[in-house]
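Notes follow the structure.
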């Protein structure tokens, strides 16, 4: 299976690069702000599947940069999807829990009506809608709280802060499933392979790590596994204001993903152990 991936240095793309038959394109090779250029790349490739692992992910910056966020997260994925439809090949796209409003305590199902509260979330939902109406064979994989040894993420931030502070204030009323980028990449490859043989598997899916946890307790596990003595002080979201609204409830119901693809929710604690080990080696 030959796979064309948009994204190269991001967390998931870095994991996808490990697979045989995968070609990853960085922004110097595929400008996500240039919709027509991305379309041309897909139409000229001999790939069997296209995976979009690239996005505008700066949640706060998006609030003042709607145009760029919408091009990268909405317009370009929709055109990518249309190009794969023209080629007759599947399209796998990574989305986010931010398409939901974060209300309640129940995990969001794929059938729940999205209601994004941030520009980032709205741009990602617009992208989803464009893909769904493109006519391609698609899988949209919503995920949350991605971490790895690559790129910028919560795990690396916490480890860096621990070298400077004995006590760190962390939000405790936002709950979700941390998800290792390795497991997202693995899921994308498995889903892509199945879509090649079964177009009926197309649809929207969820994947997040288990068990669900607060940011504060996630930080505690990071320090525990890293053998760091840093203490975590619980604070509320209102004590840590951000420019963009963060969902309090990022729980995702991943049952459909397991039923259709046989992909279970990964234990993020095991993924964390691997990431910490690899970070120590670097």
Quick check on the chain: of the DSSP beta bridges with both residues there, what percent are antiparallel, nearest 5%?
5 percent
Comparing 123, 226, 74 in a Gaussian network model of the chain (Cα, 10 Å), the one with the largest mean-square fluctuation is 226
At 7 Å along Cα-to-Cβ for each site, give me the label-to-label distance between residue 2 and residue 113 in nm.
4.5 nm
For the range 95-152: relative contact order, % (alpha-carbon pairs under 8 angstrom, 6 or more apart)
42 percent
For the range 174-282, what does the relative contact order come out to in percent, with C-alpha contacts under 8 Å and a separation of six or more?
44 percent
Post the alpha-carbon centroid distance, the range 176-236 to the range 7-51, in whole angstrom.
23 Å
The equivalent-ellipsoid semi-axes of the range 1-158, taken as the square roots of five times the Cα gyration tensor eigenvalues and listed largest first in whole Å, are 24, 19, 15
Treat each spin label as a single point 7 Å out from the Cα along the C-beta direction, and report the residue 65 to residue 200 distance in nm.
4.4 nm
In degrees, nearest 10, range 0 to 90: what is the angle between the Cα axis of helix 119-132 and the longest Cα principal axis of the chain?
30 degrees
For the residue 210, residue 19 Cβ pair and Förster radius 30 Å, calculated FRET efficiency rounded to 0.05 is 0.80
What number, in percent, do you get for the relative contact order of the range 1-113 if the mean sequence gap of Cα pairs under 8 Å and at least 6 apart is divided by its residue count?
27 percent
Once a ≥ b ≥ c are taken as the square roots of the eigenvalues of the Cα gyration tensor of the range 84-163, is the result rounded (a/c under 1.5), prolate (a/b larger than b/c) or oblate (a/b not larger than b/c)?
oblate
Acute angle (nearest 10 degrees) that the helix 268-281 long axis makes with the longest principal axis of the chain, alpha-carbon atoms
80 degrees
Using a Förster radius of 41 Å, what is the FRET efficiency between residue 29 and residue 164 based on their Cβ-Cβ separation? Nearest 0.05, please.
0.65
Rounded tilt (10° steps) of 181-197 against the dominant C-alpha axis of the chain
20 degrees
Simple spin-label model, 7 Å along Cα-to-Cβ: residue 44 to residue 242 in nm?
3.8 nm
Per DSSP helix of 4 or more residues, -39500 (n - 2.57); summed, then divided by the residues of the chain. What does that give at 222 nm, rounded to the nearest 500?
-11500 deg cm²/dmol
Checked against the structure, the computed Cα extents along the principal axes in Å among (i) 55, 38, 38; (ii) 91, 34, 32; (iii) 59, 45, 31 is the one labelled (i)
Apply the a/c threshold of 1.5 to the C-alpha gyration tensor of the range 187-227 and tell me whether it is rounded, prolate or oblate.
prolate
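Does the range 191-282 classify as rounded, prolate or oblate by the C-alpha gyration tensor (a ≥ b ≥ c root eigenvalues; a/c under 1.5 gives rounded; else a/b over b/c gives prolate, otherwise oblate)?
oblate
Fewest first, what order do 158, 1 take by the number of other Cβ atoms within 10 Å? It would help to have the intermediate numbers written out before the result.
Values: 158 23, 1 13.
By the 10 Å Cβ count, ascending, the order reads 1, 158.
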Relative exposure of 182, 120, 138, judged by other C-beta atoms within 10 Å (fewest first):
182, 138, 120
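Each reported figure results from applying straightforward, stated rules to the coordinates on display, with no laboratory input. Please read all numbers here as calculations on a predicted model, not as lab measurements. Glycine also receives a Cβ, built like all others from the backbone with ideal geometry; neighbour counts cover every protein chain displayed.
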